[in-house]
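Written out below as structure tokens is the structure these notes cover.
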Amino acid sequence: MHSDGLKLDGICKDYAGLRVFNSLSLQFNPGEISLLIGANGSGKSTLLRIAIGLLTPDSGTVHRSSAAVGYVGHLNSLYMQLSVAENLDFWSSILPEAENIETLLMRWGLTKYRNRRVAGLSKGIQTRVGLARALCASQKTILLDEPTASLDDTSVGGLITALQEKAQSGAVVVIASHDLARLLPIATRVVLLRDGIVASDAQCGNHTELDALLTQYQGNNR
Amino acid sequence: MIFVTLLRKDLLIELRGREVFAVTVGLSLMLAVVAAFGIGTAFLNPPQLSAVFPAIAWLIFIFAATVGLGRSLEAETQDAAIEGLLVAGVSPPQIYSAKVFSNSLVLCLGQLIGMCLLALLLAINLSDAWSALFLISALVVFGYSALATLLTALCATSSLRGVLLPLILLPVIAPLFFSAIELTHEALENGRLALDSPWLSLLVGLDVVYFLLGLNLYGAAIKE
Amino acid sequence: MKNRYFELSTVFVFLAVALANYLIFIYVPNERVMGPVQRIFYFHVAAAVAAYISVAVLLIASLSYLATRKPVMDGVSVAASEVGFVFCSIVMVSGMIWGHAAWNTFFRWEPRLVSFLFLWLIFLGLTCMRRFGDPSRAPEHSAVLGVIAALTVPVVVYSIQLLPQTAQLHPVVVENRGLKEPSFQSTLFYTMAAVATLTGLLIWLRTRIAVLESKRSKRQPTGG
């Protein structure tokens with residue numbers, strides 16, 4: 001059965017006194033790596049949180065074809081007092097079909113940090129652990145909010161490899177980010193959000209559409 | 001089983017930081033010394049000391065445990081770990097049960113230590129009724145944990161979390177407090193647990209009710 | 001349209017309470033033993049009824065909010081807890097005034113007074129939750145606490161009755177059974193009914209204010 005991916009239908013949300021979304025609809029398909037871009041305050045983070053189920057929309061529906069989701073928001077969802085290995089051990093026990101810890105540590109370059117407490121690690125390493133956590137099982141829906149913010153180029157390379165593998169195995173990948181330079185090359189689709197509506201939606205294969213979208217985005221950011 | 005994994009995680013975190021245990025036992029110790037000193041000035045005879053002991057022991061526990069639990073959700077909210085649990089499909093009742101049991105274990109240990117300490121200072125003999133006291137402590141601490149774990153979640157994101165918890169917890173913990181005192185009193189007098197006591201039925205009933213309430217309301221307390 | 005019903009109700013309640021005052025101060029004769037001070041009894045008992053009504057409304061509104069997430073139900077919760085707090089304070093103060101006049105003591109440890117003391121503390125806890133809790137989660141958190149608080153009230157009453165008693169301080173003459181004089185009885189029942197309608201009106205008014213307040217705060221942008 002071909003899975004439907006991630007579908008948001010008619011989402012309305014008031015948040016902290018503001019009307020953030022007014023009947024927004026979006027569909028993300030399996031195998032796509034979508035980049036969600038927009039100015040600060042355009043609603044990217046809120047949209048991801050609604051899509052992942054942490055926020056309930058005032059009206060509208062969210063449909064995820066699979067229950068296996070991976071999410072890294074502004075925080076990494078780690079236990080600061082535990083070590084890297086203990087954290088990954090815990091999270092992989094919670095999730096079905098999780099990868100072996102040693103493989104996970106090696107893949108994300110965390111082997112030498114395995115017994116270090118998360119609290120004592122740099123932000124970049126913590127983000128790597130958080131990403132390892134979010135991607136350690138066969139997640140079919142992956143939502144990331146500014147994942148590259150504290151990562152160096154090598155780590156971003158590792159992230160990109162992991163995401164491409166996931167997309168190839170049929171996962172839906174949505175990344176909200178300002179980091180066009182490093183993420184645009186792997187994106188298959190770009191969605192521009194402005195003031196809570198989809199201002200533009202372009203496939204990366206279609207260069208005209210994409211250029212128009214990027215001009216629009218950069219024009220607003222001047 | 002997810003419950004076991006969660007319980008292990010909670011106990012591991014507590015073992016690392018020992019915040020709940022340290023604060024509970026530390027405060028119990030200080031309060032026990034102050035209380036013993038204060039009572040000493042009243043020159044009570046042994047029967048009077050026995051009469052007053054349960055109330056003071058449980059008062060010390062409730063106060064120390066409430067302060068100790070004040071920041072117990074910090075580990076979950078610091079890095080939004082609890083969000084990760086929800087996203088991974090763990091249900092709030094599962095998270096709640098694991099926390100109640102882990103808190104119960106830690107607090108029960110703290111309570112027994114505190115109570116023995118106070119008994120030592122007041123020269124009260126607990127050995128005749130130790131099995132009854134152990135059982136009473138387990139039941140009371142479980143009920144207390146069930147309620148306090150839920151209420152801690154209500155305070156976790158408030159700016160005044162350490163202060164807010166006692167304000168909302170202490171009035172509603174009253175019936176549990178009364179049961180604890182009366183049962184401990186009866187146990188010390190008779191050397192055994194009074195199985196037909198209305199207080200025991202009340203205590204067990206409260207444990208069940210608080211746990212059920214927590215299972216049903218924890219989701220509303222932690223979700224956005 | 002709603003305003004019209006509300007205004008009519010206000011007039012009706014005002015007249016009803018005015019009549020109650022007339023009955024209390026003019027119609028009913030002085031009580032033989034205590035004299036005029038006894039008249040505070042009517043306010044005291046009626047306020048107690050009002051407090052219990054508020055608890056019941058709080059329970060229903062809190063459960064309703066958790067089930068439906070309707071903002072108006074949160075408004076009713078706020079109203080019920082504030083109105084309940086006020087009436088409970090009236091019960092305590094009038095009880096203390098009466099206690100001092102009748103038995104030369106402001107407070108004694110006996111079932112009804114202690115039950116209301118705990119009720120007052122519970123309402124205080126609810127107020128603190130509203131004031132110091134996380135503002136973005138206030139409706140859910142207050143609803144959870146409201147359910148727990150309301151369910152605690154009957155348990156507290158029950159458990160306090162189990163406690164070993166000293167003297168029953170509420171004199172028999174003021175129990176409903178003991179009221180011999182028919183004018184006393186009818187005044188009491190009428191006052192209870194009048195104050196009950198006043199409670200309803202106050203809760204309604206406060207709910208309207210709460211709903212308007214939340215509408216106004218929604219309109220002010222707070223930034224993305």
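Rule-based calculations on the coordinates, nothing more; no lab input. Remember, it's a predicted structure, so these values are computed and weren't measured experimentally. Cβ: placed from backbone, ideal geometry, glycine included. Neighbour counts: every protein chain shown.
First select every other residue whose beta carbon is under 10 angstrom from the beta carbon of A:His178; then total the charges, Lys and Arg +1, Asp and Glu -1. So the surrounding residues net to -1. Using all pairs of distinct alpha-carbon atoms, the Kirkwood hydrodynamic radius of segment A:69-164 works out to 13.0 angstrom.
I need to check one value: relative contact order of segment A:69-222, counting alpha carbon pairs closer than 8 Å and at least 6 residues apart, in percent. Once divided by the residue count of segment A:69-222, the mean separation gives 21 percent. Beyond 28 Å between alpha-carbons counts as too far, so tell me which of A:Lys112/A:Lys166; A:Lys123/A:Lys166; A:Lys13/A:Lys166; A:Lys112/B:Lys223; A:Lys44/A:Lys112; A:Lys44/C:Lys215 fall in that bin. Long pairs (Cα-Cα over 28 Å): A:Lys13/A:Lys166; A:Lys112/B:Lys223; A:Lys44/A:Lys112. Here segment C:90-149 is assigned +1 on the Cβ of each Lys and Arg and -1 on the Cβ of each Asp and Glu. Its dipole about the Cα centre then comes out at about 60 debye. Normalised Debye scattering of segment C:1-89 at q = 0.22 Å⁻¹ gives log10 I(q)/I(0) of -1.10, counting only Cα atoms as equal scatterers and leaving out solvent. For the Cα atoms of chain B, what angle does the longest principal axis make with the long axis of helix B:19-40, in degrees from 0 to 90, nearest 10? Computed tilt is about 20 degrees.
Pairwise Cα distances in segment B:95-224 exceed 19 Å for 53 percent of all pairs.
Once you order the gyration tensor axes a ≥ b ≥ c over the Cα atoms, which shape class does segment A:172-219 get: rounded for a/c under 1.5, otherwise prolate or oblate by comparing a/b with b/c? Taking the square roots of the gyration eigenvalues as a ≥ b ≥ c, segment A:172-219 is rounded. Per residue of peptide A:47-57, the mean number of Cβ atoms on other chains within 10 Å of the residue Cβ is 2.
Other residues whose C-beta falls under 13 angstrom from the C-beta of A:Ala162 contribute a net charge of +2, scoring Lys and Arg +1 and Asp and Glu -1. Summary of the geometry: segment B:139-158 and segment A:149-215, compared by the centres of their Cα atoms, lie 43 Å apart.
Taking only the Cα atoms of segment B:1-60, the ratio Rg/Rh comes out at 1.26, with Rh defined as the Kirkwood radius. When only alpha carbons are used to place a centre, segment C:20-94 and segment B:179-209 end up 34 Å from one another. Rounded to the nearest 10 degrees, the angle from helix A:123-134 to the longest Cα principal axis of chain A is 80 degrees. Taking the alpha carbon gyration tensor of the protein assembly as shown, multiplying each eigenvalue by 5 and rooting it gives semi-axes of 55, 36, 17 Å, largest first.
Answer rounded, prolate or oblate for chain C, using the Cα gyration tensor with square roots of eigenvalues a ≥ b ≥ c: rounded when a/c is under 1.5, else prolate when a/b is larger than b/c, else oblate. Oblate.
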